[in-house]
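Note sheet for the following structure.
Every number here is computed from the coordinates shown, using simple stated rules; none is lab data. Fair warning: this is a prediction, and the values are worked out from it, not measured in the lab. Because the Cβ atoms are built from the backbone with ideal geometry, glycine has one as well, and the counts that use them run over all protein chains shown.
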Amino acid sequence: AEIKGERLACLEARSQFCWYLRGVPHANVYKQEVVHVETLDGLRRITRAIQRDLRD
């Protein structure tokens with residue numbers, strides 16, 4: 001992210017992130033959040049929410 005800039009890194013990560021959501025419960029909800037996120041902290045927040053959801 002430091003080389004490309006956070007915005008560009010986030011755009012690239014969003015497309016990959018959606019692929020990894022395949023089979024995750026409530027994936028559609030998370031995908032909606034992912035396509036609008038603009039910061040790496042936002043992606044981290046979504047990742048933590050997914051982890052909590054998978055543990056429950």
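Which residue is surrounded by the most Cβ atoms within 10 Å (Cβ to Cβ), if the candidates are limited to region 1-27 and must be within 20 Å of ASP56 (Cα to Cα) and of a type outside the set (Phe, Trp, Tyr)? Break it down stepwise before answering.
Going through region 1-27, the residues within 20 Å of ASP56 (Cα to Cα) turn out to be 20-27.
Subset that is of a type outside the set (Phe, Trp, Tyr): 21-27.
On the way: LEU21: 17, ARG22: 8, GLY23: 6, VAL24: 14, PRO25: 11, HIS26: 12, ALA27: 15.
The extreme case among them is LEU21.
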Within region 28-51, is there a residue that is loosely packed, with under 11 Cβ neighbours inside 10 Å, out of contact with any Phe, Trp or Tyr (no Cβ under 9 Å at 6 or more places or on another chain) and aliphatic (A, V, I, L, M)? no
